[in-house]
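Worksheet for the structure shown next.
Taken together, the values in this text are just the output of simple stated rules run on the coordinates, not laboratory data. A quick note: this is a predicted structure, and the numbers were derived from the prediction, not measured. Reconstructed Cβ throughout: ideal geometry from the backbone, glycine too, with neighbour counts over all protein chains shown.
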Amino acid sequence: MNFDDWVADVAAGTATHSSGFVLRVEGNPADPSAVEPGKFPTDLNFIDQARLLRCGLEFLAKASKTNGYSSGYSTRADDPKMAAIREREAQAKRFAEREDKPQRSVLSLKKKAPANSDSTS
C-alpha cells in the first residue's frame, strides 16, 4: 500500500486516501482540535492503520501550508465572524462595566470569630 497517495481538501478539512479512507480534522490542520478518522480498509493491521492516520495528518498539514491556509477557518481581521465576535465582546464589556448598574450586597461564607473568645481556658 502506498501511504503517500492522498488528496486533500483543506477548506473542508479532509484528506482522502486512494484506498477510500477519509480523514477529517477540525481547526488548524497543523494542530487539529479534533480528528475524525473514517473506516479503515479491512486488510490493514493496527500498525498500518496508525501509519495511515499519521501520514494523512502530515499530508493535510503540509497541504494547508502550501495552499496558504493557516487553519480550516478564517482568522483574518476583516472576517465578518471575527467582527461579530469582537462586537459581542465589546457589548459584554460595556454591560459589565456600566456605572448605573445596581449595587448588590455581597454574600460571604466566611465565619466570623466571636469577639471575646478566650483560647487559654
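Given an 8 Å cut-off on Cα distances and at least 6 residues of separation, report the relative contact order of the stretch 6-57 as a percent.
Relative contact order of the stretch 6-57: 29 percent.
Grab the other residues whose beta carbon is less than 9 angstrom from that of Val35, score K and R as +1, D and E as -1, and report the net.
Charge balance near Val35 sits at -1.
Can you tell me which of 96-106, 37-47 comes out highest on packing, and rank the rest after it, using the mean Cβ neighbours within 10 Å?
The most tightly packed comes first, giving 37-47, 96-106.
Give the lysines reachable from Lys101 as a straight Cα distance under 27 Å; neighbours fewer than 8 places away on the same chain don't count.
Lys93, Lys110
Quick check: convex hull over the Cα atoms of the stretch 1-64, volume per residue in Å³, rounded to an integer?
72 Å³
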